[in-house]
Each structure stands twice: as structure tokens, then as C-alpha cells.
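Asks: Sharing a structure, written as C-alpha cells. Questions coming.
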Amino acid sequence: MGCAVIYVDEKQGRFHLQGRAYSYCLQLDEEGRLLNLHWGGRIPDADLSQLLSFYWEGASFDLRYGRLPLELPTPGAGYYGTGALSAVNPNGDSILCLQYKGYTLTAGKPTLPGLPASYVESPDEAQTLTLLLEDELLGLRVRLMYTVFANYDVLARSMAVENAGKAPLELTCMLSASVPLYGCDYDLLHLKGGWGRERAPQRVPLNQAISRVESRRGASGHEQNPFLAVLEKSATEFQGRVWGQTLVYSGSFLAEAAVNNFGHTRLSIGLHPDMCHWRLAPGESFQTPEALLVYSDQGLNGMSQAFHALIRQRVCRGYWRDRQRPVLINNWEGTYFDFTEEKLLAIAEKARDIGVELFVLDDGWFGKRNTDTCSLGDWVVNLDKLPGGIRGLSEKMHGLGLLFGLWFEPEMVSPDSDLYRAHPDWCLHAKDRVRTQARHQLILDLSRQDVQDYVIQAVASVLERDGVDYVKWDMNRNMTEPFSALLPAEGQLETQHRYMLGLYRVLETLTARFPKVLFESCSGGGGRFDCGLLYYMPQTWTSDDTDANERLQIQYGTSIVYPPAAMGAHVSAVPNHQTGRIASFQMRGNVALAGNFGFELDLTALPQQELDQAKEQVLAIKSLRDTLQKGVFTRLESPFEGNFAAWQFLSQDGEDLLFCAYQRLVQPNPLSHRIRLRGLEPEACYRTEDGQSYSGGRLMEVGLPIPLPKEDFSSYILRLHRT
Ligand code: DGJ
């Protein structure tokens, strides 16, 4: 385990989870309550006494219980904030009094039943502490699970709740983490957005109030991401203390930073309590999703790099995790629904000629789908468009030397479909209520096993038969009437979470059955960009907004939590279909290279000069792929703050560096502008491709000027190699 370790002091009732860069210190008080005394920078294990007294400064009107830095706050006995766990008890009250009962410490990390979670590949990669708490009166047992990783500066935390009593309970709030932080002189950071403008960082001061971000949509959503951080007011991208949390989950969630009347902050994240209640019969257990917690004193980049490393290597899984991702072409913006096999093959030939490796056929290949008004659920090829079927097309693509990928939207059903006509009760709906449509579609009720099995079989039969190497798994609307025909009235608030568990079962089954297929998730662009889906599909379509200028912000914001290797990024046509803006081919390529690179345009309509540029871009990407996918990504200059954006990728061995700078609008008589690089060896020499040499010290202290042309939306890429 190297320098990450969990110390247990049974005599003092103390648990010290010490990561490489953080300490997380838990202490029992004299009444057996579990308190959190410190989550922050790493401190020596020998120096934990007296921490509790720090919380006792000042007098208060409040009860003692509510003043304590509780690790698992529960309602009813003097804690007035959002409880991390609450239940309606058999006698109708909602009082929970949890007492510590014991602990186990194990090597490695157990999986979470039915849920995605971070993982290890061998037991020596992590240690897991499980703390058992109990309300004896109710027979309610709680297991808090904490994992410290040897190689990642992330703490994983989740909770399992067991009804060991004799009567049924109803859980009404089950958060994954709820951590008290000393003080409140912080800013809050979250990722806000909407369709086409996902994950824009928003930083606001914390007040004595509850600041919450949430989704009730049955999807993590475009509007808020399941992420929230607090940071010192002086913290920047490069320095200062930051505490961040994200959730390994893809449905409705709540994340909160609450400042109490003692001037302390509580950070919480988990299932949205309004959207998930759970009946717990005697003998049953409920497992929450996992929260990932990062503390960094290296500013926002420090936090992001810790998330990136874990997400890329111990949340994403499978055959494609570490493999070079293929350069792709997707026909959506090139043809929309209007394609023939001949047209697709013509695009594919051009794509093959410029070095593309994967052709992806998007929406419109099945049923009678020539618009978005029909056929979802009928995953049978449209022979008018593709006379040789999907098999025929994939063979031709393979014949061209390309991998072949296919779009599905398996969670949906069109009212105008054979599936809906055969099974009108298979969608989410409430009896006697209108079935609200969005994009002319309804959502299949994946809380039902028969519906899950149908989806598995429908997708699997195409993959088995037709030679498909890649799947784009789309999902284009949020839940309405989130109720299920199979659940009793008192279980209806379980529907959303049961849906997610059903979706995860479907994805687990399909990804296990087709381990070499590369899956990419999508939800109207980036409406479900979260660690839950990254566990099954190692890349996500970042946004339907493919405008290079807009993408600077979207990709910058997304990188606050997610690694570039998780972000789909395509070069599309100009004028851009979302904004009408025109940016050069070079700019579009240089923005798209900071993600999983692809094209999304009709290559047959490109002039030769742009095809040549495209070929050069593909060549460059291929030679940089390891650094782009696995290197350390650092944000250098924010497109939210000015006219420029810049970032860098540094290969894992520190030898290759890619510096990328972008100018949005040309200014006359501009101020001189230099950008400092980061993380280099000051004494080492870094050489550019045209033979110029710089010391690491100079690149970091003096920086690089950016020679940008007199052109709006221009870019500058510099490749350096340590000699
Ligand atoms: C929404 C996706 O984000 C697009 O890329 C495209 O696949 C369409 N759906 C197809 O309907």
C-alpha cells in the first residue's frame, strides 16, 4: 500500500484514513457516535488527539448532538440539517440513533452489488474500512465503507443499510457521503449547463445557507453534473485547498454544501431523497451508490488530475480502457436521416483514405425511421436504405479496413412502433394519466426484468449477427410519470432507482457478452456524463454542440471532473449546425484533438485542401494518442475568463508535452500574451519539432508567447520532447 494506509486505534476509538495526499479522521465520542474530525491535508497518525476540542469553540443554543461533526447525521435527536440517512419507522416516527458497533479492515475493495463503482485489480492496491453502526431499537444496521487507494488520491465511500429488525421500514434518504468541514470561508464550485452548453463551471461564495445542485430527471442531466466542490477563496487552478465530490451514478441525485450556524460546512452527495424512497423488509439491505472524494492543496487542477487518474484507470473498465481509441467518422451531422448505403460507403472511402479507423452509422437505420417520430424499439434494419442489412454494410466497412459502429437508443420506445403496439404497458407511466412524450418518444420501464431482457436480446441479436465493433448508446429524453406498472402504490418512489439498477444490469450483461465492442454513451449530447456510465462505456459524447469555439468551454468545464479520454470530440462542418459560426478546419481539429477524436461531416463534400488537412490531423493524432489519452491534462487558461483558452498534456513518463492554445476573437493592437507551462523539470531541456530548445524552467517561469494569426477562432499547437 506504500504511503496510503488506514490506521485503527481501538483504544481511542479512532480511524485514520491516510491517503497519499489526504487524511480523513474519524473518532468515536464517549457515547459511541461517529465524528469526523478532519478531512484535508495529510497529517501524521501520531498527532490526532485533541482534534475534537476544535469543534467546541463558542457557546450555543443548539443541542450538543447537532453541534457535533457527525459522520452520519440522522434526524430526530437534535440534528436539523439534511440527514445522510433517514427512515420512516414502524411506529411512524423518523428518529434514528446510531451507535458504533465494530469495524472490519480488509485488503482490496469489494464490489457493490448491482452498481458501478471504482475497483481494484489486486488486493494490494487498496484497503477498505467498514464501520458497523446500529439503531438497536429499530434493528437498523448501517455499514459505512471507505476505500483508500495506494495509487490514487481519491477516497471512495458508500453505505449499506440493513433491516435487522422485525418490521418493515421505509428509507427516505440514503446519501453516499455527508462530510463536515471545519469553517465556511469557501467558494462553491459546480458544473451548470443545458443542452448544447454542458458543464460550465460556476463559482459562488458560500453563505450560511444550503447550496444544492440536483437532478430529478431520472438522469444525471445536462443542467447540473453530479459533482460539487468547495475551495478556499484564494484557490485557483494551480494552488489552494479544494474538496471535491462526485457520484458513481447516472440518475437523479442531490449534492449539497450547507453552512450551519457555527460556521462549519457540510458537503453531501447521493441519491435524491425526493426521488428515491425504498421499502426495506426484515432481512433486506439497500446499497447506496459510491461517492468519490478528493482533497487537493494543488488547486482545481490538482483535484481534477486526481479524479482523472482514478476515473480513467479504476472506474472505466474493459478491453478498450487502455487501448488506443479509434479515430472515427460519424454520419449524423453529415447526413442526418437522409442516407443510402451508397452514400455511407462513399463517405467511408474518403474516411479510410485520410486514415480514419471506425465508421459509425448513427440514427435512422431501423424500422421506418426517416424522422424522429417513430420506430424506437424496432431494432430491425430498414432494407430500403440498407439492402444488404447491417451485416452487408459492416462487411463492406470491414472490407475497406474500417471498424464498424452502430447507434442505438435502447431505453426508448416510439408510440409509433411495433414494440409499443405489442406492449403498451412497457413504458414508464402512471395509471389513467397522460403519457408525456418528448422527441415523440416514451421511456421503456427498465425497472422491469422482462423489459430489461427484451432490451438485452434486441441489442445482442444485432451485435451477435452483424459484426458490430462499436455501439453509440443514446438516450434522448428525461423521465416523466416515473412510475411502473409492476410496483404497488407504496413502492412507486422506487421506480427511478430500480430503473437505474435495471439499466446497469442491461449494460453489465451486454458489455460482458461483447467485451471487445467499444461502447460510447450519449444523451442528447452530454446529458448523462457521469462515472456510473463510464464504468460500462469508457467514452461519452460530450455535447451536441460541435462548434469549436463553444467546445473550448464545454471540454474545459467537463475536464473539471472527467479525463479527456472520456470525451468524444468531433470535427464538424461549417457553418456550424448549432451556431452558424465558421471556424477554420485547423481550429476545429485542434479543439477536437483534446478528446476522442473524430469527424462528423460529409467528407465527400470537402474540398481536397481540407481533406489533406484532415489527413494531416489524423496522422498527428495517431502519433500523439498515448499522450492525449493517458497523459496528465492541465488547464492553463480558461475560456470562461477571457479571449484565450489553453491546456497541456504531459505524457506519463514526462517526455512528451503537447501545448494547445486557442484565440477566440482577434483584437487590434493586442496586449502581449504569454502562457506558462506546468509540471516540467526545471533543468531538463524540451525540444520542439523544428529544433528549438527550451529549459523546463523557462517554459514554466517565462512561458510561451502564442503566435496566433489575425483570424477569429484560431489555434496554436506545440509539441515538445524532453531530450
Ligand atoms: C442525439 C445525439 O446526441 C446525436 O449525436 C445523435 O446521435 C442524435 N441523438 C440521433 O438522434
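Asks: Is it the case that Ala160 is assigned to a loop (DSSP other than H, G, I, E, B) and small (Gly, Ala, Ser)?
Replies: Against the criterion (assigned to a loop (DSSP other than H, G, I, E, B) and small (Gly, Ala, Ser)), Ala160 does not qualify.
Asks: Let me ask you something else. Among the residues of the stretch 163-177, which ones are assigned to a strand (DSSP E or B) and of a type outside the set (A, V, I, L, M, F, W, C)?
Replies: Residues satisfying the conditions are Asn163, Glu170, Thr172, Ser176.
Asks: So is Tyr454 touching a residue at least 12 places away in the same chain (Cβ under 8 Å), hydroxyl-bearing (Ser, Thr, Tyr), outside the structural domain of Leu112 (by TED's automatic domain parsing) and more than 16 Å from the ligand (Cβ to nearest atom) or not?
Replies: Details: touching a residue at least 12 places away in the same chain (Cβ under 8 Å): yes; hydroxyl-bearing (Ser, Thr, Tyr): yes; outside the structural domain of Leu112 (by TED's automatic domain parsing): yes; more than 16 Å from the ligand (Cβ to nearest atom): yes.
Yes.
Asks: If you check every pair at least six apart or on different chains, which have Cβ atoms under 6 Å apart with a residue in the stretch 60-82 that is outside the structural domain of Ser176 (by TED's automatic domain parsing) and charged (D, E, K, R) first and a residue that is part of a loop (DSSP other than H, G, I, E, B) and modelled with pLDDT under 90 second?
Replies: Sorted first by the residue in the stretch 60-82, then by its partner, the list stays empty.
Asks: In the stretch 38-78, what count of residues is obtained for those that are touching a helix residue (DSSP H, G or I) at 6+ places or on another chain (Cβ under 8 Å), of a type outside the set (Phe, Trp, Tyr) and at pLDDT below 75?
Replies: The qualifying residues number 1.
Asks: For the stretch 602-624, which residues satisfy the criterion of being open to solvent by 20 Å² or more (accessible area, probe 1.4 Å) and either among the aliphatic types (A, V, I, L, M) or touching a residue at least 60 places away in the same chain (Cβ under 8 Å) (or both)?
Replies: Within the stretch 602-624, Asp602, Thr604, Ala605, Leu606, Lys615, Leu619, Ala620, Lys622 meet the criteria.
Asks: Can you confirm whether the stretch 265-274 contains a residue that is open to solvent by 10 Å² or more (accessible area, probe 1.4 Å), within 30 Å of Leu507 (Cα to Cα) and of a type outside the set (Val, Ile, Thr)?
Replies: Among the residues of the stretch 265-274, at least one is open to solvent by 10 Å² or more (accessible area, probe 1.4 Å), within 30 Å of Leu507 (Cα to Cα) and of a type outside the set (Val, Ile, Thr), which makes the answer yes.
Asks: Separate question: For the stretch 422-478, how many residues are open to solvent by 50 Å² or more (accessible area, probe 1.4 Å), part of a loop (DSSP other than H, G, I, E, B) and acidic (Asp, Glu)?
Replies: 1
Asks: Are any of the residues in the stretch 636-656 surrounded by 19 or more Cβ atoms within 10 Å (Cβ to Cβ) and within 26 Å of Glu341 (Cα to Cα)?
Replies: Scanning the stretch 636-656, I find no residue that is surrounded by 19 or more Cβ atoms within 10 Å (Cβ to Cβ) and within 26 Å of Glu341 (Cα to Cα), so the answer is no.
Asks: Another question about this same structure. Any residue in the stretch 461-489 that is farther than 19 Å from Gly526 by Cα and within 16 Å of the ligand (Cβ to nearest atom) sitting within a Cβ distance under 9 Å of a residue that is in a loop (DSSP other than H, G, I, E, B) and at pLDDT 95 or above? List the pairs, counting only those 6 or more apart or interchain.
Replies: Val468/Phe514; Val468/Val517
Asks: Name every residue in the stretch 519-532 that is within 16 Å of the ligand (Cβ to nearest atom) and either touching a helix residue (DSSP H, G or I) at 6+ places or on another chain (Cβ under 8 Å) or in a strand (DSSP E or B) (or both), in order of residue number.
Replies: From the stretch 519-532, those within 16 Å of the ligand (Cβ to nearest atom) are 519-530; that's our starting set.
Phe519, Glu520, Ser521, Ser523, Gly526, Phe529 - these are the residues of the stretch 519-532 that are within 16 Å of the ligand (Cβ to nearest atom) and either touching a helix residue (DSSP H, G or I) at 6+ places or on another chain (Cβ under 8 Å) or in a strand (DSSP E or B) (or both).
The rows are residues; the columns are (1) surrounded by fewer than 18 Cβ atoms within 10 Å (Cβ to Cβ); (2) not aliphatic (A, V, I, L, M); (3) not in a loop (DSSP other than H, G, I, E, B).
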| residue | (1), (2), (3) |
| --- | --- |
| Val179 | no, no, yes |
| Gly183 | yes, yes, no |
| Leu191 | no, no, yes |
| Glu198 | no, yes, no |
| Asn207 | yes, yes, no |
| Arg212 | yes, yes, yes |
| Arg217 | no, yes, no |
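Asks: Among the aliphatic types (A, V, I, L, M) and under 17 Å from the mean Cα position of the chain (by Cα): does that describe Ala235?
Replies: no
Asks: Report every pair of residues separated by at least 6 positions or lying on different chains whose Cβ atoms are under 8 Å apart, first residue within the stretch 1-12 and assigned to a loop (DSSP other than H, G, I, E, B), second modelled with pLDDT of 95 or more and surrounded by fewer than 16 Cβ atoms within 10 Å (Cβ to Cβ).
Replies: Met1/Asp124
Asks: Does the stretch 100-108 contain any residue that is more than 15 Å from Ile6 (Cβ to Cβ), assigned to a loop (DSSP other than H, G, I, E, B) and open to solvent by less than 50 Å² (accessible area, probe 1.4 Å)?
Replies: Checked against the condition, which is being more than 15 Å from Ile6 (Cβ to Cβ), assigned to a loop (DSSP other than H, G, I, E, B) and open to solvent by less than 50 Å² (accessible area, probe 1.4 Å), the stretch 100-108 yields no hits at all.
Asks: Follow-up question, since we're still on this one. Given the options Leu96, Leu133, Leu144, Leu112, name the one that is assigned to a loop (DSSP other than H, G, I, E, B), in the same structural domain as Glu290 (by TED's automatic domain parsing), surrounded by 20 or more Cβ atoms within 10 Å (Cβ to Cβ) and not hydroxyl-bearing (Ser, Thr, Tyr).
Replies: Answer to the selection: Leu96.
Asks: Taking the stretch 540-566 only, how many residues are within 16 Å of the ligand (Cβ to nearest atom), outside any loop (DSSP other than H, G, I, E, B) and crowded, with 24+ Cβ neighbours inside 10 Å?
Replies: Narrowing the stretch 540-566 to residues within 16 Å of the ligand (Cβ to nearest atom): 540-547, 550-551, 554-555, 558, 566.
With outside any loop (DSSP other than H, G, I, E, B) added as a condition, the list becomes 540-541, 550-551, 554-555, 558, 566.
With crowded, with 24+ Cβ neighbours inside 10 Å added as a condition, the list becomes 540-541, 551, 554-555, 558, 566.
Counting residues in the stretch 540-566 that are within 16 Å of the ligand (Cβ to nearest atom), outside any loop (DSSP other than H, G, I, E, B) and crowded, with 24+ Cβ neighbours inside 10 Å gives 7.
Asks: Can you name every residue in the stretch 372-395 that is of a type outside the set (A, V, I, L, M, F, W, C), part of a loop (DSSP other than H, G, I, E, B) and away from the ligand (no atom under 16 Å from the Cβ)? I'd like the intermediate steps shown before the answer.
Replies: Of the stretch 372-395, the ones of a type outside the set (A, V, I, L, M, F, W, C) are 372-373, 375, 377-378, 382, 384-385, 387-389, 391-392, 394-395.
Checking the rest, the ones that are also part of a loop (DSSP other than H, G, I, E, B) come to 372-373, 375, 377-378, 382, 384-385, 387-388.
Within the stretch 372-395, Asp384, Pro387, Gly388 meet the criteria.
The values are calculated or read from the model by the stated rules, or taken from the named source; none is laboratory data. The shown structure was predicted, so the numbers you read here are calculated from the model rather than taken from an experiment. When we count neighbours, we look across all protein chains shown, and the Cβ atoms used for this are built from the backbone with ideal geometry, even at glycine. Note: accessible area is taken over every heavy atom of the protein model, side chains too, but ligands, DNA and RNA are not part of it. Shrake-Rupley method; radii C 1.70, N 1.55, O 1.52, S 1.80 Å.
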